[in-house]
Amino acid sequence: MKILAAICVLAVGVSAQVGHSGIISPDGVNTQFSHDFANDIALIGPSGIVTKSGNNRQLTHGEATLHVATHPAPVPVPQFVSQRGVIGHSGIVRPDGNNVQFTQDQVDNIVLVGPSGIVTKDGSNIQLTDDLHFVPRTKRSAPLIGPSGMITAEGIPIQFSKPGVTILLEGPSGYVMSDGTLVQKRSKRHVIGESGIITSDGQQIQLEHGVKVVLVGPSGILLSNGKNIQLQ
């Protein structure tokens, strides 16, 4: 074990190093620079040495590969790749050859791309099928009505004042019940955080440090620094 440990330490310790005085190679062949050449060095890079006089020194492939100053490989653009196709921030390559190119507005709206869908900034997320086609949006489920109350499609429980009440009329903002009661539907709400606001109409507002929301109304938002945000 002691011999093996010594060999491991030796293997880790050897790597080509390029400095201002020469090159130390792992094969034991070292190159000593002359005093004049050392003073002439302007820059040492991953593939060679640039001198002040223009007499540059090109590193061999082995020296460049083992040089400790070699830059890491470039990071690829994030995308999801599988046998069923490729999903990226600019579009979809489907296995059947029908490609989809996203518009610039769609690209700017993307937060995250995953194997089963796309998360967007405005909340209108896109769900994908196994063959990378868009899942059509379905209508909201109907409210659940019982003898003593109902649960709306938004999940709001409503207690009836008397049994046997039914929905007489449904509109975009609420329900008219058979006993004359009006039930208000839940409207879209703003998302307010420490650093910003996502309004109900999809606007993204970046807040300055220390700025808070003072008042939220049906047509706008008032901030502590006096600014007003007009809702569309």
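The values are calculated or read from the model by the stated rules, or taken from the named source; none is laboratory data. Since the model is a prediction, treat every value here as computed from it, not as a measurement. Ideal geometry is used to build each Cβ from the backbone, glycine not excepted, and the neighbour counts take in all protein chains shown.
Points to keep in mind about this one:
- Filtered residues of region 204-232 (kept if hydroxyl-bearing (Ser, Thr, Tyr) and loosely packed, with under 12 Cβ neighbours inside 10 Å): Ser219
- All positions within region 162-203 that are within 34 Å of the chain's Cα centre (by Cα), surrounded by 14 or more Cβ atoms within 10 Å (Cβ to Cβ) and among the hydrophobic types (A, V, I, L, M, F, W, C): Ile192, Ile197, Ile198
- Filtering Ser82, Ser116 for residues that are modelled with pLDDT of 80 or more and among the hydroxyl-bearing types (Ser, Thr, Tyr) leaves a single hit, Ser116.
- Filtered residue count, region 193-212, keeping only those that are out of contact with any Leu (no Cβ under 6 Å at 6 or more places or on another chain), hydrophobic (A, V, I, L, M, F, W, C) and farther than 19 Å from Thr120 by Cβ: 1
- Of all residues in region 190-232, those satisfying the criterion of being out of contact with any Ser or Thr (no Cβ under 6 Å at 6 or more places or on another chain), in a loop (DSSP other than H, G, I, E, B) and under 26 Å from Ala153 (Cα atoms) are Thr199, Ser200, Asp201, Gly202, Gln203, Gly217, Pro218, Ser219, Gln232.
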